[in-house]
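Taking it in order: structure first as structure tokens, then the write-up.
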Amino acid sequence: MECATVCKFCSPILLSPRSAVVGKRKQQLSNHTKFKFCYSKFKIQAIHSAQTHLSSEVAAEKSQSSTDFAIGELVWPSPSDEIPFWKKNFPSWGVNPEVPVDIKKDSDPMHIIHITAEMAPIAKVGGLGDVVTGLARACLSRGHTVDIMLPFYECIQKQQIKDLKLVTTYNSYHDGNWIQTNAYHGVVSGISVIFIEPSNQFFKGQNVYGGSYNELEAYLFFSRASLEWMQVTGAQPDIIHVHEWQTGALPLLYWDMYHSLSLKKPRLVLTIHNMEHYGECTQEQLSKSGLDGFIYATIEKAVDDRTIGHNPERLSLLKGGIVYSNAVVTVSPTYLKETLCTGWLASTLIRNRDKYFGIVNGIDAAMWNPATDIFLPAKFNAQNPEGKKLCKYYVQRGLGLASDGILDGNHVPDMTHKVPLVVCITRLVPQKGLHLISHAIKRVEELGAQMVILGKTSDGRVEREFEGLAKLHNQGPSIRILLMFSEELSHMLYAAADIVLVPSMFEPCGLAQMIGMRYGAVPVVRKTGGLADTVFDMDDQSNHEMANGFVFEGIDEGSLDSALDRAVAHYRQKPDEWNGNVQKVMELDNSWNNTAGKYIEVYNSVRVRL
Ligand code: ADP
């Protein structure tokens, strides 16, 4: 029995007789040394490419600042094109690999390793991917060493990874077996990434989520395999930053297993991006990671409070992560307040209030920059907004939306100016206010405006509902509903939009409104979570300085109408004021440059110096 327990705790290497242990250790060390060698080489490369990149970025900004485009050079798309305009061959899919280097460096640099289920742009489903990449790049540019550990999903396009190399082959425990696992290293968007690839079926499939393997077990495996990799290679970061329920078990594994092996230095930070998913888990499932699931089934540890007294009781990996991390962050101050007041995890968060922080997400100002965005047919910025009109006309033509009139020199037709274009780019899940999104279609038509929805869902019922709406509207002049995920098209839509709609029922932070603003789209949002922290109503006389969009509170259609109607009326009746606000929202700094420092403060508050 003792042996069985130990087996789960230590890789077979550590269980072997002494001589074998020494032999294997040497091998581990040589792997480690090899890795370290590659590692430092990668760092040099990353820094080098960052520098060259910066100059190209500055050059791009400069060349764009005149926004001297010739309209005649654009090839106008049409809905009948064999290849849709957003699927063209773009020069480089991996948006802006450069990490800005002109940022002031922090005085006491750290080594931070993010362990995450998503990373933009290679494995992005929603905001989690954007946030991990954006925060990592911001910390990198402030002088810290940052790595990301990510499952090597089969669906990741390898050509988007620079310098991909196998660096370590090792075994990691799962459900009574030691699974042979490969760790690859590569560079994505200027960040060093370790890809964990088990030799079993985990992470196989066409999408990041929803493969035909048990997702909970796969992420339990990934959590342990990430720590095992650190143990094998001797990595001792200052901070292990885990995200969401998928890596919620890692702090348990760290403190109750790896900390008593060789990992001494790291401290754990958990970011909760969305409390809706809490990693429901049985004791038996947790035991598959090598921990004893039974001992976590207490109110102080990881039991799901709602199941107390049920047979069986359940665990929550997110709760376990909250309890066992040194610091917990959620993605906006308002969402922090909401989570302390509502939901079953509130009591756990209140108990852990001293280490719980609300830090609003940022956007990556280099990846989301209309002045350099490779996906845009014309670039623009707050001082030179002309390119935005072209982007709108381009999208209207490409999607077959009404854009009557002819080009007059460098001027797009009048109709493009007169008809406001609303975009909604979202995962189509109840959280996002599905009933309000479908209502908005009707309202936008009634208002004589145009709307494009870019949405992806994995729920058959929602898919059918929106397919029905698409069938009804997509041949008409003013509505397009596109049921897919497209990074390229999302950039073009933000650039084309006059209004970005985010009518969420709840929204921990929300990036769409911030990206929209950077691209000159005025937000119409429901007042909840991070939306309440970033969008302020234009008609609120008491807060004129902050005013930047249109806000509603209720969850009913009438509430949405009140904000949408005001936005459309404003667009039509007060064009100068509208344009002034467009310039204002483009100049707002909602980037990580503004907020990464708050994460650094949290890291510094928990790190130890051995
Ligand atoms: P969430 O994380 O809940 O999905 P956020 O607003 O925080 O919501 O982040 C969503 C991110 O995903 C944004 O970058 C948005 O542009 C992107 N996104 C959402 N749906 C799509 C889609 N169908 N196609 C392309 N990008 C999308």
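The values are calculated or read from the model by the stated rules, or taken from the named source; none is laboratory data. Keep in mind the model is a prediction, meaning the values are calculated, not measured. No Cβ is skipped: glycine too gets one built from the backbone with ideal geometry, and neighbour counts run over all protein chains shown. Note: areas computed on protein heavy atoms with side chains; ligands, DNA, RNA excluded. Shrake-Rupley method; radii C 1.70, N 1.55, O 1.52, S 1.80 Å.
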Tell me the GluC sites (Glu not before Pro) within the stretch 220-306 that lie in a loop according to DSSP and have at most 11 other beta-carbon atoms within 10 Å.
E300
Counting only protein heavy atoms and a 1.4 Å probe, tell me what percentage of the stretch 136-247's accessible area is made up of carbon and sulfur.
41
Compute the accessible area per residue over the chain, keeping the other protein chains in place, probe 1.4 Å, unit Å².
40
Taking Cα pairs under 8 Å and at least six residues apart, what relative contact order does the stretch 419-573 come out at, in percent?
22
Applying the gyration tensor rule to the Cα atoms of the stretch 344-462 (axes a ≥ b ≥ c; rounded if a/c under 1.5, else prolate if a/b exceeds b/c, else oblate), the class is oblate
Which one of S478, G343, T271 has its Cα pushed farthest toward the positive end of the charge dipole of the chain, where Lys and Arg give +1 and Asp and Glu give -1 at the Cβ?
T271
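Counting Lys and Arg as +1 and Asp and Glu as -1, each charge on the Cβ, what is the dipole of the stretch 419-573 about the Cα centre in debye, to the nearest 20?
Numbers: 14 positive and 20 negative charges, 86 e Å.
With Lys and Arg at +1 and Asp and Glu at -1, about 420 debye.
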If you count only protein heavy atoms and use a 1.4 Å probe, how large is the accessible surface of C341, to the nearest 10 Å²?
110
quick note, the chain, DSSP beta bridge pairs, % antiparallel (nearest 5) is 30
Helix 434-446 versus the longest principal axis of the chain: what is the Cα-based angle in degrees, 0 to 90, to the nearest 10?
10
Which shape class applies to the stretch 147-208: rounded if a/c is under 1.5, otherwise prolate when a/b exceeds b/c and oblate if not, where a ≥ b ≥ c are the square roots of the Cα gyration tensor eigenvalues?
oblate
Dipole in debye (nearest 20) - the chain, about Cα centre, beta carbon charges: Lys, Arg +1; Asp, Glu -1
2180
Add +1 for every Lys or Arg and -1 for every Asp or Glu among the other residues with Cβ under 10 Å from the Cβ of M586, and state the total.
+2
The chain, relative contact order [Cα under 8 Å, separation at least 6], %:
13
Lys/Arg Cβ at +1, Asp/Glu Cβ at -1, dipole of the chain taken about the Cα centre: which of W229, Y393, H570 is farthest positive-ward?
W229
Measuring from label point to label point, each 7 Å out along Cα→Cβ, what is the K584 to E73 span in nm?
3.5
Could you name the aspartates and glutamates in cross-link range of K319, using Cα to Cα under 13 Å and dropping any fewer than eight places away on the same chain?
E244, E276, E280, E300, D304, D305
Ignoring ligands, DNA and RNA, what percent of the 1.4 Å accessible area of the stretch 419-573 is carbon and sulfur?
51
Efficiency by 1/(1 + (r/R0)^6): what FRET value for T298 and R572, r their Cβ-Cβ distance, R0 = 60 Å, to the nearest 0.05?
0.50
For the stretch 419-573, with the dipole built from +1 on Lys and Arg beta-carbon atoms and -1 on Asp and Glu ones, taken about the Cα centre, which of V423, M505, G460 lies farthest toward the positive end?
G460
Taking Cα atoms, the helix 557-573 axis meets the longest principal axis of the chain at an angle in degrees (rounded to 10) of 50
Would you mind checking K432/K456; K392/K442; K355/K432; K124/K456 for any pair whose Cα atoms are more than 23 angstrom apart?
K355/K432
Counting other Cβ atoms within 10 Å of each Cβ, which trypsin sites (Lys or Arg not before Pro) in the stretch 95-169 have at most 16 and sit in a DSSP loop?
K104, K105
I need the phi-derived Karplus couplings for the stretch 376-389: 6.51 cos²θ - 1.76 cosθ + 1.60, θ = phi - 60°, integer Hz, Gly and Pro marked x.
8, x, 9, 8, 7, 8, 4, 7, 10, x, 4, x, 5, 4
Which trypsin sites (Lys or Arg not before Pro) in the stretch 245-309 sit in a loop by DSSP (not H, G, I, E or B) and have at most 13 other Cβ atoms within 10 Å of their own Cβ?
K264
At each listed q (0.06, 0.09 Å⁻¹), what is the log10 of I(q)/I(0) that the Debye formula gives for the chain modelled as equal alpha-carbon point scatterers?
-0.33, -0.73
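Of all the C-alpha pairs in the stretch 419-573, what % are more than 25 Å from each other?
More than 25 Å apart: 20 percent of the Cα pairs in the stretch 419-573.
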For the chain, take the longest principal axis of its alpha carbons; what is the angle in degrees between that and the long axis of helix 487-496, to the nearest 10 within 0 to 90?
30
Aspartates and glutamates whose Cα lies under 20 Å from that of K158, excluding same-chain neighbours fewer than 8 positions away:
E98, E118, D130, D147, E197, E487, E488
Rounded to the nearest 20 Debye, what is the dipole magnitude of the stretch 272-373 about its Cα centre when Lys and Arg each give +1 and Asp and Glu each give -1 at the C-beta?
280
